[in-house]
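Input: a single structure, listed below in structure tokens.
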Amino acid sequence: MKRLVAICLGGLLCGSASAADLLQVYRDALANDAKFAAARAQRDAGQEKVVQGLSGLLPQIGASANSAWNQAEARAGNVTLERDYNSNGYAVQLTQPLFRWQNWVQYKQGELQTALADSQFGIARQDLVLRASEAYFNVLNAQDALAAVTQLRTAAAEQRQLANASFEVGTVTITDVHEAQSRFDLAVAQEIAAQNQLEVARHTLAQIIGKQPEALAGLRPGVELQRPQPDSIADWVSAAEAGSLGVQAQQLVREIAAREVERSQAGHLPTVDIVATHGLNNRPAIVTERSESTAIGLQLNVPLYSGGRTSSVTREAAALRMKADSDLEDARRSAALAARQSWLGVTSGLAQVKALEAARTSSISALEANKLGYEVGVRINIDVLNAQTQLADTLQRLARARYDTLIAQLRLKAAAGTLSEEDVQTINALLTQSK
């Protein structure tokens, strides 16, 4: 029976010398995950917002040129003069804003938008940690499930063979044979489903890391999962409300919306620019005309009426700022809820692991007792089959509880905005290491 337990826990407790661990999978995901690559490109695009905002405060320089073919005719008395000629010219203009309040506000918005892009990229990185970890442990869990049902099928086949032999000598009824056959057929179906689930889990992980996964390192034998620190749900909720990357991003969105109201209101204000121009026009007509000029001065523009558009845009921006306020409050509440759910996931998961470890010991003892009872005639075949099924189910639930608890720990860190590669390394230390 110890052999049964060893095989069923093989995916959970054993690792290969060449197995890839969680840290390696995470780094492969950093390099190959398409979703994260898109987030990185989005971050790079967001870095340009501050440059675009600054451009509204810097000089604007433009140049123009013209060239035209002319046919001219001049009459003086009986004399007619005709001349075909080409006229041309150019102009260069420099405009330096002195007072354009909307441009200044737009520059500050650009700084905020760049910070928002960084914050959103941080969210994408945390999401990658969670997706890679979940996919990793889903593969391990699928391997554990397959090992358990494969051993259950083997045990059911042995019990079926024993029932057939006992029926031939008349010590059991045909009912025992049919029950053993039924359990064997059910185990075969479960094994097929487990194989399919493992394939799905492996392909899901491959989608993230960009290649078919190698053998994966499992949890070390006898590993103990620790309670989160600080060991207080209130501390984690407070940390999430203040430090969640989702909350930080929404705070930036709210500030951008407030700046947009200010920028819209600036449409009512005058603007002042320094304008410098230099131009040349050459017109070699009947009498050559050539003019060249340079000018520098101040240009004042005062908006008087724009059909009500400026006021309408301002009201729109004010409504969007109110929406951003509500979205920020929703982000805080969502972060607090995520922290509570993750905290409960960790604490209840630890309790489940402890209970299921005890259930595993009890299930092993129950199976041993039922097999011995069957041999001496005080237990029937179905009792042994039920005990085998119970043990396989307990082992699968124990493995799932351990993996779910580890994921809940990562989700708790993500809710507080502190999830990083260091947390991946911490969990990675719980795995069997390559030698």
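Between the entries (1) 128; (2) 171; (3) 261, the label attached to volume of the Cα convex hull per residue in Å³ calculated for this structure is (3). Below 15 angstrom from the Cβ of TRP101, what's the summed charge of the other residues (Lys, Arg +1; Asp, Glu -1)? Here the count lands on +1.
With all pairs of different C-alpha atoms in the average, the Kirkwood value for the hydrodynamic radius of the stretch 285-391 is 23.2 Å. Length gained on full extension, GLN161 to ASN88, computed as 0.36 nm times the residue gap minus the Cα-Cα distance: 15.8 nm.
Ordering of 176-184, 42-50 by packing is 176-184, 42-50, highest average first (other Cβ atoms within 10 Å, averaged per residue).
Helical runs assigned H by DSSP (4 residues or longer) give the chain a calculated mean residue ellipticity at 222 nm of -23500 deg cm²/dmol, each run adding -39500 (n - 2.57) before division by the residue total.
Distance between the modelled labels on THR175 and ASP118, one decimal in nanometres: 7.4 nm (7 Å Cα→Cβ projection). Contact order, relative form, for the chain: 26 percent (alpha carbon pairs under 8 Å, 6 or more residues apart, mean separation divided by residue count).
Taking a Cβ cut-off of under 14 Å around ALA163, the surrounding Lys, Arg, Asp and Glu residues balance to a net charge of -3, with basic ones at +1 and acidic ones at -1.
For the chain, the longest principal axis of the C-alpha atoms and the axis of helix 101-168 are separated by about 20°.
Projecting the Cα positions of ALA399, ASN386, ILE364 onto the charge dipole of the stretch 330-435 (unit charges on Cβ atoms of Lys, Arg, Asp and Glu, taken about the Cα centre) puts ALA399 furthest along the positive direction.
Once the C-beta distance of ALA193 and ALA215 is scaled by a Förster radius of 25 Å, the resulting FRET efficiency is 0.70 to the nearest 0.05.
Among residues other than GLN251 with Cβ under 12 Å from its Cβ, the summed charge is -3 (Lys and Arg +1, Asp and Glu -1). In this Cβ point-charge picture (+1 for Lys and Arg, -1 for Asp and Glu), the stretch 375-435 has a dipole of about 40 debye about its Cα centre. Evaluated with a Cβ-only charge set (Lys, Arg +1; Asp, Glu -1), the chain carries a dipole of roughly 400 debye about its Cα centre, given to the nearest 20.
For the stretch 162-254, a simple Cβ point-charge model (Lys and Arg +1, Asp and Glu -1, everything else neutral) yields a dipole of about 520 debye relative to the Cα centre. When peptides 222-233, 321-332 are ranked by their average number of other Cβ atoms within 10 Å per residue, the highest-first order is 321-332, 222-233.
Read the figures in this text as sums done on the coordinates, not as results from a lab. As the structure is a prediction and not an experimental result, all values here were calculated from the model. A quick note on method: Cβ atoms are made from the backbone with ideal geometry, for glycine too, and the neighbour counts reach across all protein chains shown.
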